[in-house]
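The values are calculated or read from the model by the stated rules, or taken from the named source; none is laboratory data. Values in this document were obtained by computation on a predicted structure and should not be read as measured data. Please note: Cβ atoms are built from the backbone with ideal geometry, for glycine as well, and neighbour counts cover all protein chains shown. All accessible areas refer to the heavy atoms of the entire protein, side chains included, with ligands and DNA or RNA removed. Shrake-Rupley method; radii C 1.70, N 1.55, O 1.52, S 1.80 Å.
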Amino acid sequence: MTQADGAPTLSPYISEADIQARILELARQIDADYAHDEDIVLVGVLRGSFIFLADLARRMTVPHHVDFIAVSSYGSGTVSSGVVRLVMDLRTDITDKHVIIVEDIVDTGHTVQYLIRTLAARGPASVRTCALLRKLDRKVVDVPVDYLGFDIPDAWVVGYGLDYADRYRTLPYIGVLEWGAEE
Ligand code: IMP
């Protein structure tokens, strides 16, 4: 891809304060919705969601378990192959449990669709989804996002767990990466 040539520029897009405020709202919403449920499992989708999950889990007051799953649908670039592979499975038996899939970003929707299907087949009490970001313009498959942080336009975003070729994950804010026209 031409974008791999030339260094991209990074522009701040969602501030740390705005991210944290929104996460608190999401946690309150989840607390209210699951107030009477036991056996809640937050399933973090590695690797992009690990920071979001850590903050969300610490702001939730309903008791819950945390587990992780890893899938892959991208190479080192920014184009989805559409084929999702399970790279690392859960260690938790989710039978009869309330599962909340915690994803960094919903882009084409393939990953969340795959995860909902895979986890729903294991007999959980329920499966819902929580995503920090969603790119509406990029939707290829329609997937429910029950708890959403922000809708964003079609751009490559990094920071707060999100990467480009494994870089930028530890930025405390979300920024947009742009590649100049020169090739
Ligand atoms: P989907 O299967 O196309 O919805 O892609 C979801 C996955 O693609 C996310 O979990 C991210 O790992 C990755 N992804 C999509 N867009 C971005 C982005 O703008 N920045 C970083 N990762 C992204």
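Condition first: under 13 Å from the mean Cα position of the chain (by Cα) and at positive phi. Now tell me which residues in the range 109-136 satisfy that.
Across the range 109-136, the qualifying residue is only Gly109.
Is it the case that the range 4-18 has a residue that's touching a residue at least 60 places away in the same chain (Cβ under 8 Å), among the acidic types (Asp, Glu) and either under 17 Å from Val102 (Cα atoms) or exposed (fewer than 14 other Cβ atoms within 10 Å of the Cβ) (or both)?
Yes: the range 4-18 contains one or more residues that are touching a residue at least 60 places away in the same chain (Cβ under 8 Å), among the acidic types (Asp, Glu) and either under 17 Å from Val102 (Cα atoms) or exposed (fewer than 14 other Cβ atoms within 10 Å of the Cβ) (or both).
Restrict the check to the range 151-173 and report whether at least one residue is more than 20 Å from Arg47 (Cβ to Cβ), more than 9 Å from the ligand (Cβ to nearest atom) and open to solvent by 30 Å² or more (accessible area, probe 1.4 Å).
Yes, the conditions are met somewhere in the range 151-173.
For every residue, the table says whether it meets (1) assigned to a loop (DSSP other than H, G, I, E, B); (2) in contact with a strand residue (DSSP E or B) (Cβ under 8 Å, 6 or more places away or on another chain); (3) over 18 Å from Gly44 (Cα atoms); (4) of a type in the set (Phe, Trp, Tyr).
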position: Thr92; (1), (2), (3), (4): yes, yes, no, no
position: Val127; (1), (2), (3), (4): no, yes, no, no
position: Cys130; (1), (2), (3), (4): no, yes, no, no
position: Asp137; (1), (2), (3), (4): no, no, yes, no
position: Val145; (1), (2), (3), (4): yes, yes, no, no
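Go through (1) within 8 Å of the ligand (Cβ to nearest atom); (2) of a type in the set (Ser, Thr, Tyr); (3) open to solvent by less than 40 Å² (accessible area, probe 1.4 Å) one by one and return the number of the condition Ser126 breaks.
Answer for Ser126: the failing condition is (1).
Would you check if Tyr147 is out of contact with any Gly (no Cβ under 7 Å at 6 or more places or on another chain) and within 8 Å of the ligand (Cβ to nearest atom)?
Working: out of contact with any Gly (no Cβ under 7 Å at 6 or more places or on another chain): yes; within 8 Å of the ligand (Cβ to nearest atom): no.
No: the conditions fail for Tyr147.
Name the single residue, out of those in the range 32-58 being touching a helix residue (DSSP H, G or I) at 6+ places or on another chain (Cβ under 8 Å) and free of Cβ contacts under 8 Å to residues at least 60 places away in the same chain, that is nearest to the ligand (Cβ to nearest atom). Lay out the reasoning, then the answer.
Kept after step one, since they are touching a helix residue (DSSP H, G or I) at 6+ places or on another chain (Cβ under 8 Å), are these residues of the range 32-58: 42-45, 52, 55-56.
Adding the requirement that they be free of Cβ contacts under 8 Å to residues at least 60 places away in the same chain leaves 44, 55.
On the way: Gly44: 11, Asp55: 17 Å.
In this case the residue turns out to be Gly44.
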